[in-house]
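Okay, so here's the structure we're looking at.
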Amino acid sequence: EIKKNFGFGCMRFPTVDEAVDVGAVMEMVDYFMEAGFNYFDTAHGYMEGKSEVVVAKCLTSRYPRDAYVLTDKLSAGCFEKAEDIRPLFESQLALCGVEYFDFYLFHALNRNSYVKHKNCNTFEIVNKLHSEGKVRHIAMSFHDTADVLDRILTEQPCIEAVQLQINYLDWESPAFHAKECYEIARKHGKEIIVMEPIKGGTLANLPPE
């Protein structure tokens, strides 16, 4: 159960001499949990492949499994054929130190990666993982135009939620289609997970003008 509507993104961790500062991340995780939040989001390629390991060190080995909600992702760049999917997934579970993911996202879907996912039967495979209890909720993150999102959600009813880049700068931007994609996701009755609410920190450090 997600306690509050704010997530801990694991794409950017503090580093010292190019190594993740595990002590600092532990402090951040503890502060986040003590404040009543519990949603964590990682992916296989984050922090040059180190993110999942850090999640295990700083979160999953230190808190009971029902204390947090953990999201991981299936990235198109991490597989070439259908036979790659399950071994990749099992390695992600092992790296994170868990037996299931609360959310498993088709990562950064767009018109091109969607074709690869369909050709490799990833939707059927993840559905099977869901039926086995290794994935509690199937979702997707998305970076493309609203018509592509409409097509995916029409063709893949297993997707329960959509993660979209939404912030006040991108809401009506022709580059991100945030408003249009939000409206499509809502049309299909999907839950919305917001990513980049402050554009990777950019909107927290506004220029003087």
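Worth a mention:
- Just so you know, in segment 69-92 the residues that are open to solvent by 10 Å² or more (accessible area, probe 1.4 Å) and touching a strand residue (DSSP E or B) at 6+ places or on another chain (Cβ under 8 Å) include one that is farthest from His117 (Cα to Cα), and it is Leu88.
- When Ser113 is tested against (1) open to solvent by less than 50 Å² (accessible area, probe 1.4 Å); (2) farther than 21 Å from Cys78 by Cβ, just one condition goes unmet, and that condition is (2).
- Within segment 162-209, considering residues that are among the small types (Gly, Ala, Ser) and on the phi > 0 side of the Ramachandran plot, the one surrounded by the most Cβ atoms within 10 Å (Cβ to Cβ): Gly200
- Subset of segment 100-137 [under 12 Å from the mean Cα position of the chain (by Cα) and within 23 Å of Glu180 (Cβ to Cβ)]: Leu105, Phe106, His107, Ala108, Leu109
- Matching option when the condition is touching a strand residue (DSSP E or B) at 6+ places or on another chain (Cβ under 8 Å), without any contact (Cβ under 8 Å) to a residue 60 or more places away in the chain and β-branched (Val, Ile, Thr), among Ile193, Ile184, Ile159: Ile159
Each row is one residue, and each column tells you yes or no for (1) in contact with a helix residue (DSSP H, G or I) (Cβ under 9 Å, 6 or more places away or on another chain); (2) at pLDDT 95 or above; (3) of a type outside the set (Val, Ile, Thr).
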position: Asp102; (1), (2), (3): no, yes, yes
position: Leu129; (1), (2), (3): yes, yes, yes
position: Asp144; (1), (2), (3): yes, yes, yes
position: Thr154; (1), (2), (3): no, yes, no
position: Ile166; (1), (2), (3): yes, yes, no
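- Of all residues making up segment 8-61, the number that are closer than 24 Å to Leu88 by Cα and not hydrophobic (A, V, I, L, M, F, W, C): 16
- When Asn127 is tested against (1) touching a residue at least 60 places away in the same chain (Cβ under 8 Å); (2) surrounded by fewer than 19 Cβ atoms within 10 Å (Cβ to Cβ), only condition (1) is not met.
The values are calculated or read from the model by the stated rules, or taken from the named source; none is laboratory data. As the structure is a prediction and not an experimental result, all values here were calculated from the model. Glycine also receives a Cβ, built like all others from the backbone with ideal geometry; neighbour counts cover every protein chain displayed. These area figures cover heavy atoms from the full protein model, side chains too; ligands, DNA and RNA do not enter into them. Shrake-Rupley method; radii C 1.70, N 1.55, O 1.52, S 1.80 Å.
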